[in-house]
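S.K.: Questions regarding the structure given below will be posed in turn.
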Amino acid sequence: DALSKSKLTSLNVSDNKIGDEGATAIANALLDSPLTSLNVSRNKIGDDGASAIANALPDSPLTSLALGANEIGDKGASAIANALPHSPLINLDLSYNYRGMTDKGATAIADALPDSPLTSLNVSGNVLGDESVIAIARALPRSSLTSLDLHHNNKIGDKSATAIANVLPNSPLTSLNLSDNKIDDEGASAIA
């Protein structure tokens, strides 16, 4: 209730017990708030809360959004993906939503990258595999991403590493994290 009357540009309410109802209240406040940075990581936000925040993104000044370690699945990730091309967001953290976010949600994010101003994407600690990482790789040369974090997804292997390696020379990436995955010598050689 106070956000629209405040001068806050940054709000960190991570590591609490905020659920979909609280996320929806915050989303409604974003429309009249000067917030440019919001961290609601490590809460209990699911698809409904993520969708509410996604709906507010195009009409808010938010440039940085951290939604890591919540309960967001493919539906919430897809809602955020739909909002990306219409929002000023440049930093997005969807890490460790491992209870629900899979290749489907991450592929939706990948499809939105070429039309989005996003420069930093963190989708580490989810259940992503070759399908979504190859989609992200295809989007990289047409995106603004300079930082991509894919660590600790457990299904990312040589096929994904090779797909990313093939587009690295044509992408704007300056930082790439592929640690704690299933990449073997073949993927390492492709990246090298």
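The values are calculated or read from the model by the stated rules, or taken from the named source; none is laboratory data. Values in this document were obtained by computation on a predicted structure and should not be read as measured data. Cβ atoms come from the backbone with ideal geometry, glycine included; neighbour counts cover every protein chain shown. Remember, those area values only see protein heavy atoms, side chains included, never the ligands or the DNA or RNA. Shrake-Rupley method; radii C 1.70, N 1.55, O 1.52, S 1.80 Å.
S.K.: What distance in nm lies between label points placed 7 Å from Cα along the C-beta direction at THR146 and LYS17?
M.R.: Once both label points are built, they end up 4.1 nm from each other.
S.K.: Sorted by mean Cβ packing within 10 Å, highest first, what order do the peptides 84-90, 44-50 take?
M.R.: 44-50, 84-90
S.K.: If you wrap the stretch 146-192's Cα atoms in a convex hull and average its projection over all directions, what's the area in nm²?
M.R.: Orientation-averaged projected area of the Cα hull: 2.9 nm².
S.K.: Related question: Enumerate the lysines that LYS5 could reach by cross-link, defined here as Cα to Cα under 30 Å, with residues fewer than 8 away along the same chain left out.
M.R.: LYS17, LYS44
S.K.: So, taking all protein chains as they sit and a 1.4 Å probe, how much accessible area belongs to ARG42, in Å² rounded to tens?
M.R.: In the full protein context, ARG42 sits at about 120 Å².
S.K.: Throw me the Rg/Rh for the stretch 1-142, computed over C-alpha atoms with Kirkwood Rh, two decimals.
M.R.: 0.95
S.K.: SER37 to ALA192: extension gain in nm, 0.36 nm per residue of separation minus the Cα-Cα distance?
M.R.: Value of the extension gain: 52.2 nm.
S.K.: Provide the per residue accessible area, probe 1.4 Å, for the chain, rounded to a whole number of square angstrom.
M.R.: Per residue, the chain has an accessible area of 44 Å².
S.K.: Accessible area of LYS182, 1.4 Å probe, to the nearest 10 Å²?
M.R.: 130 Å²
S.K.: Which of SER14, THR107, PRO88 sits closest to the plus end of the dipole of the stretch 1-122, meaning its Cα is farthest towards the positive end, when Lys and Arg get +1 and Asp and Glu get -1 on the C-beta?
M.R.: Highest projection toward the positive end goes to SER14.
S.K.: Would you mind pulling out the separation of the Cα centroids of the stretch 141-159 and the stretch 66-89, in Å?
M.R.: 17 Å
S.K.: Another one. What are the ³J(HN,Hα) couplings of the stretch 78-88, residue after residue, when phi is run through the Karplus curve with 6.51, -1.76, 1.60 and θ = phi - 60°? Round to Hz, x for glycine and proline.
M.R.: After applying 6.51 cos²θ - 1.76 cosθ + 1.60, I find 5, 5, 5, 4, 5, 7, 3, x, 10, 10, x Hz.
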